[in-house]
1. Return one quarter of the surface area of the convex hull spanned by the alpha-carbon atoms of the chain, equal to its mean projected area, in nm².
2. Give me the percent of the accessible area of the chain that comes from carbon and sulfur atoms, probe 1.4 Å, all protein chains in place.
3. For the chain, what is the number of Lys pairs with C-alpha distance below 14 angstrom, counting only pairs 8 or more positions apart or on separate chains?
4. Charges at C-beta only: +1 for Lys and Arg, -1 for Asp and Glu. How large is the resulting dipole of segment 1-77 about its Cα centre, in Debye rounded to 20?
5. What is the spin-label model distance, in nm, from D7 to R73 if the labels are put 7 Å beyond Cα along the C-beta direction?
6. Under the rule of at least 5 residues apart or a separate chain, name every residue whose amide H is placed under 5 Å from the amide H of G74.
7. Using heavy-atom solvent-accessible surface (probe 1.4 Å) with all chains present, what is the largest-first order of R13, R66?
8. Taking the Cβ of Y55 as the center, what net charge do the other residues with Cβ under 10 Å away carry, scoring Lys and Arg +1 and Asp and Glu -1?
Amino acid sequence: MGDVGEDYRMWDRVKKQKKASNLQHSTDRLISLGIKFEPKNNGTHLVVKGKNHTYDFYPSTGSYSRRGGSWRRGIDSLIKDLGKDDKLNREQG
């Protein structure tokens with residue numbers, strides 16, 4: 001039988017790698033679309049300013065909220081909320 005502690009340590013490493021990957025991918029996505037943001041806490045929190053609203057985005061988890069609004073998830077949802085259409089980028093990339 002496997003050691004429960006060993007399983008947890010492995011799961012924890014995988015989770016941290018996934019969060020690092022999400023952070024890089026989401027940040028690169030915003031940059032490639034020309035969406036400007038202000039990084040906070042070494043890039044773990046991005047302040048994204050839209051035309052009418054400011055969003056707090058956490059790229060490692062994909063969580064974001066419009067200031068004063070409810071929480072949502074996903075880089076695609078954030079881009080949609082910002083009024084950006086990245087269909088061309090998806091077809092090319």
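1. Details: hull surface 32.1 nm².
Here the figure is 8.0 nm², rounded to one decimal.
2. So the carbon and sulfur contribution to the accessible surface is 50 percent.
3. On the way: K36/K49; K36/K51; K36/K84; K40/K49; K49/K80; K49/K84; K51/K80; K51/K84.
Total qualifying Lys-Lys pairs in the chain comes to 8.
4. Details: 15 positive and 8 negative charges, 90 e Å.
Using Cβ point charges on Lys, Arg, Asp and Glu, segment 1-77 gives about 440 debye.
5. That separation, rounded to one decimal, is 2.3 nm.
6. So G74 has HN proximity to S63, Y64.
7. Numbers: R13 125, R66 100 Å².
Per-residue accessible area, sorted high to low, gives R13, R66.
8. Numbers: positive: K49, R66, R67, R72; negative: D56, D81.
Taking every other residue near Y55 into account, the sum is +2.
The values are calculated or read from the model by the stated rules, or taken from the named source; none is laboratory data. Because the structure is a prediction, the values reported are computed rather than measured. Neighbour counts are summed over all protein chains in view; Cβ atoms, including those assigned to glycine, are modelled from backbone coordinates with ideal geometry. To get the accessible areas, we keep the full protein, side chains included, count just its heavy atoms, and leave off ligands, DNA and RNA. Shrake-Rupley method; radii C 1.70, N 1.55, O 1.52, S 1.80 Å.
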